[in-house]
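Following: one structure in structure tokens, then a few remarks.
Readers should treat all values here as calculations from the given coordinates under stated rules, not as data from a laboratory. Note that the structure is predicted; figures quoted are calculated from it, not measured. Here Cβ is always computed from backbone atoms with ideal geometry, including for glycine, and neighbour counts include all displayed protein chains.
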Amino acid sequence: MSPAQPGEPGADRDLVSPSQRFDARMQRRSGSVLRRRLVEQELASLQAVLERFTEDGSIERAAAHVVGARRRFILGTGKSFAFARLLAGDLGAALSQVTQIDGSLAPAVDVLTEVRDTDVLVAYSFRRYRKDTVEISRAFVQAGGSLVLITDSADGPLTDVAAEVVVVPTESASWSDSPTAVASATHILSALTTASAKGARRRLQERDRVSAELGLHIDPAEES
């Protein structure tokens, strides 16, 4: 098979910045060609991550770390904040002691001053690898907690201190790295964690009751 040419998904790791990827991929491309490349790459990335999870067991081990912890902290800065918010939202619905480190309600400095050896931090770290994520995660491990790392490279920052590393492809035919496989990995991790957590069913039922009392959601009968 011939090597990937610049601008093709196979050369993705050589294009470091978004502007480089834009110049290589987004200019002088017809809409139909770009659409085809985007769809093909998204399908390939999703298939790759699902096959990897089936083969290497990393996602199950990551879920076991989260379930076994007394307190669970979730970290993602920059674009990864959205992934962290997604995981924290899903885990918080079924498990207790789930906190997203967000710089406001749960600042990193407050968390790092009270880390216990039963705590776990799930950190999202993708190129170009935010320094704040790396520094907070390393400090968390140094304080005695364990790290579950979701990243795009087995050789990236933090892999040397993580208790478990979940590698997710983010290659794309666009100027921005793809969130598709990361969102899928987040969904699978939260589902496996919830399935193994004691009290998850009772907690979800109680949330349904409270949500109904507060009228948080649209009632289908009223809509009809």
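With the biggest extent put first, the Cα atoms of segment 114-162 measure 29, 18, 14 Å across the principal axes.
What does the C-alpha gyration tensor say about the overall shape of segment 29-96? Classify as rounded when a/c is under 1.5, otherwise prolate if a/b is larger than b/c, or oblate.
Details: a/c = 3.67, a/b = 1.80, b/c = 2.04.
Taking the square roots of the gyration eigenvalues as a ≥ b ≥ c, segment 29-96 is oblate.
Once you sort the root eigenvalues of the Cα gyration tensor of segment 162-219 as a ≥ b ≥ c, which label holds: rounded (a/c under 1.5), prolate (a/b larger than b/c) or oblate (the other case)? Kindly include the intermediate steps, with their values, before the conclusion.
Values: a/c = 4.77, a/b = 1.72, b/c = 2.77.
Judged from the Cα gyration tensor, segment 162-219 comes out oblate (a/c at least 1.5, b/c at or above a/b).
Under the convention that each Lys and Arg Cβ holds +1 and each Asp and Glu Cβ holds -1, the size of the dipole of segment 67-164 around its Cα centre is about 200 debye. Phi angles of segment 71-77 translate, via the Karplus equation with coefficients 6.51, -1.76, 1.60 and θ = phi - 60°, into HN-Hα couplings of 10, 10, 10, 10, 9, x, 10 Hz per residue; Gly and Pro are given as x. The trypsin sites (Lys or Arg not before Pro) of segment 69-127 meeting both criteria, a DSSP state outside H, G, I, E and B (loop) and at most 15 other C-beta atoms within 10 angstrom of the site's C-beta, are Arg70, Arg116.
I'd like the per residue volume of the convex hull spanned by the Cα atoms of segment 91-192, given in cubic angstrom. If you can, show how the numbers build up before the last one.
Details: hull volume 11.9 nm³, N = 102.
Value for segment 91-192: 117 Å³ per residue.
Hey, what did segment 82-224 get for relative contact order, percent, Cα under 8 Å, at least 6 apart?
Details: 158 pairs, mean separation 32.4, N = 143.
Here the relative contact order equals 23 percent.
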